[in-house]
Amino acid sequence: MRAPASTGAGRTLRAIASPSIPTHPAWPTAVAAPCHGVRDLAFTRDPRGHDAMTDTGKTVLLVEDNEDNRIVYSTILRHFGYRVMEALNGEEGIAKARAEKPDLILMDISIPIIDGWEATQVLKHDPKTNDIPIIALTAHALASDREKAMEVGCDGYLAKPCEPRAVVAEVQRFLGKPGVATQGASAGEGAGA
């Protein structure tokens, strides 16, 4: 469904209709048509004519083969101002990480071609990508899975199903919140040190 032209919208996006997706008064309004758990959302613009999102300048690579998960997580990350690149398998994730140098990687573990464990190891052993934080985002939810994620080089771990706001909180833990200085920028820089 598309929003009326008078709203300034026109982009349509498919997202999971779930009560677990957080809402916020600053979020863009949406026109929705329910369809068995899936909605088509047409986001409007704020009164200044801009998307109601702030660009943090930070890029997240989402390596995820499930389309619904990609839609939900990329939508909320974009809303919070992160640029999002997507990869559907480990091989594509490795290639995009090397070529684009994202600020953070969300890595599903059960992905085709090269699984997330191996893709993480490859990236952490590559001097060009070993400094990129990688958060495992996986349905592997046992304590031993969390330990394995840390052993292969993951910097964080989220078990699915995962609330979208928990994904944003974990990304913000590594990259900072929009408009807030990161630890490196606030630790004495510019304070006459």
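A short reminder: the numbers here are calculations on the coordinates, not readings from a lab. Worth saying up front: this structure is predicted, and the values here are computed from it rather than measured. Backbone-built Cβ (ideal geometry, glycine too); neighbour counts: all protein chains shown.
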Inset, instruction - Report the antiparallel proportion of the DSSP beta bridges in region 45-166 as a percent, rounded to a multiple of 5. - result: 5 percent
Inset, instruction - Counting other Cβ atoms within 10 Å, keep those with at most 13, restrict to DSSP loop, and tell me which trypsin sites (Lys or Arg not before Pro) in region 109-166 are left. - result: Lys128
Legend entry - Bins of 5 Å, starting at 0 and running to the largest distance - Cα pair percent for region 74-188: 2, 12, 22, 24, 21, 13, 5, 1, 0, 0
Legend entry - Among the listed pairs Lys96/Lys148; Lys101/Lys160; Lys101/Lys128, those beyond 18 Å (Cα-Cα): Lys96/Lys148; Lys101/Lys160
Legend entry - Cα-centre dipole for region 68-118 with unit charges at Cβ (Lys and Arg positive, Asp and Glu negative), debye to 20: 300 debye
Legend entry - For region 96-172, with +1 on Lys and Arg beta carbons and -1 on Asp and Glu, the positive-most of Pro164, Ser110, Ala97 along the dipole: Ala97
